[in-house]
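Asks: Dumping the structure here so I can ask a few things about it.
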Amino acid sequence: MPTIPDNNDLVLHPMNHISIGDMCLSLKPLVADNDQEVKFTTAGKIISSKSFTKHSVKRVLLRAWTLKGRWDITEIARVDPNMFRFEFQLEQDRHWVIDKGPWSINGEILTITEWDPSIPLQSIPLKFALWWVQIHSIPPVFMTRDNLHMIGEKAGTVIDMELNESSRWKPYVRAQLSINVNNPLYPGFYLPLKSQKPTWVQLKYEKLAYFCFRCGRLGHAREACSEEADTTIANLQGSPVPLFGPWLRADSKLPNCFIAAVLRAEREAKRKIKRSPSMENMAHQAAQPDQGDSGDFAGDAGSNGMQIGQTSVPDEQASASLPADMSHALETSSQQNSNLPCHSKLKLKSAEEDTRKKVVSMPRIASVGMLFHVII
């Protein structure tokens, strides 16, 4: 076997060519002692622009993992600040952690994959994550293994799927996919139908935490996205609606992006009704400061009579503004007391005028069918 030349023997000339065999150097792998525990290694990476320490990661995973053996975590900071090595005492624990992933660390995705220590750290395939995906709204006639495999290949690489006879009548079917975490999440697709308009098939991702609602990628939020506008898709009426949103999470009650857009439009319509000019004017009038006896409307006695807001009400028209029952009560009271002495009549007349002023100065909210009567 050719040996690698020493530095003193390696003299490069323009016409010299060194073969692969000339530059090979065989090394001896580390051999563990027979008494040393066998440890099964995996590598993990947190898909985030934030930095995490091994202590913060381990604190979260101790609550999330239910393992039978011991395990430990080590940072691989020289490759990536969010890259870690996990060592497990039992092989079944390693398989359980990989199969149940991905895991969430404070809302950020942690991908874990098997790692052969003979592979360089830079070559660990951490851009792929095993993910259980729910495929919703597939008509039963299309729920076949070939069709589900075709759908899964659009989102990633199919590893496993849960499909049996009873799956046809369930709301969704599950598939385990190997997904490239650097690509946008695959949201779903239109399924053409012969007898009616196309129907939308929605994909929902289990254990999906933070991701960008603008571009659909992991590792950053919408506020930090480099894209200038949201990714949209046309609905059946041709209007654009946002494609990515919380409906991609398996625990979201929103069925898809189109239902979410309808609900959002309804909320906006309700807000506009609440902010309509008539309602705003009523709210403004009701909030006017107290300048008179009513406590709700600004009343001021002027030369032309009483002022109600910006409207002048002459004295001779004040009685016409009273409620019918109140006017009748005042007239009856006046007739019954016409024979009283002069000083008593003056006191009653003054009381009647005060009552008229207070009733007239009350707010009138005809738009909501409310009329308050104050009886002094």
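Rule-based calculations on the coordinates, nothing more; no lab input. Here the structure is a predicted model, which means the values were calculated and not measured. Backbone-built Cβ (ideal geometry, glycine too); neighbour counts: all protein chains shown.
Asks: What FRET efficiency would be calculated for the residue pair N183, R271, taking the C-beta separation as r and a Förster radius of 30 Å, to the nearest 0.05?
Replies: Values: r = 36 Å, r/R0 = 1.21.
Efficiency, from the Cβ-Cβ distance: 0.25.
Asks: Please give, to one decimal in nm, the separation of the simple spin-label points placed at V141 and S118, each 7 Å out from Cα toward the Cβ.
Replies: About 5.3 nm, to one decimal.
Asks: Sorted by average packing, counted as other Cβ atoms within 10 angstrom per residue and highest first, what order do 192-203, 244-255, 123-134 take? All intermediate terms of the calculation are to be shown ahead of the outcome.
Replies: On the way: 192-203: 12.7, 244-255: 16.5, 123-134: 18.6.
Averaged packing, sorted descending, gives the order 123-134, 244-255, 192-203.
Asks: Which of the peptides 222-230, 79-87 is most tightly packed, and how do the rest follow, judged by the mean count of other Cβ atoms within 10 Å per residue? Walk me through the intermediate numbers first.
Replies: Numbers: 222-230: 11.4, 79-87: 18.9.
Descending mean neighbour count gives 79-87, 222-230.
Asks: Here is a follow-up. How high is the FRET efficiency between S19 and V79 when r is their beta carbon distance and R₀ equals 22 Å, given to the nearest 0.05?
Replies: Working: r = 30 Å, r/R0 = 1.38.
About 0.15, to the nearest 0.05.
Asks: Right, here's the next one. Starting from 0.36 nm per residue, how many nanometres of slack lie between K207 and L236 once their C-alpha separation is accounted for? Intermediate results must be reported in sequence, preceding the final value.
Replies: Working: separation 29, 0.36 × 29 = 10.44 nm, distance 3.02 nm.
Here the answer is 7.4 nm.
Asks: Still on this structure, I have one more. Stretch S252-W169 to full length: gain in nm at 0.36 nm per residue minus the Cα-Cα span?
Replies: Computed gain between S252 and W169 is 27.8 nm.
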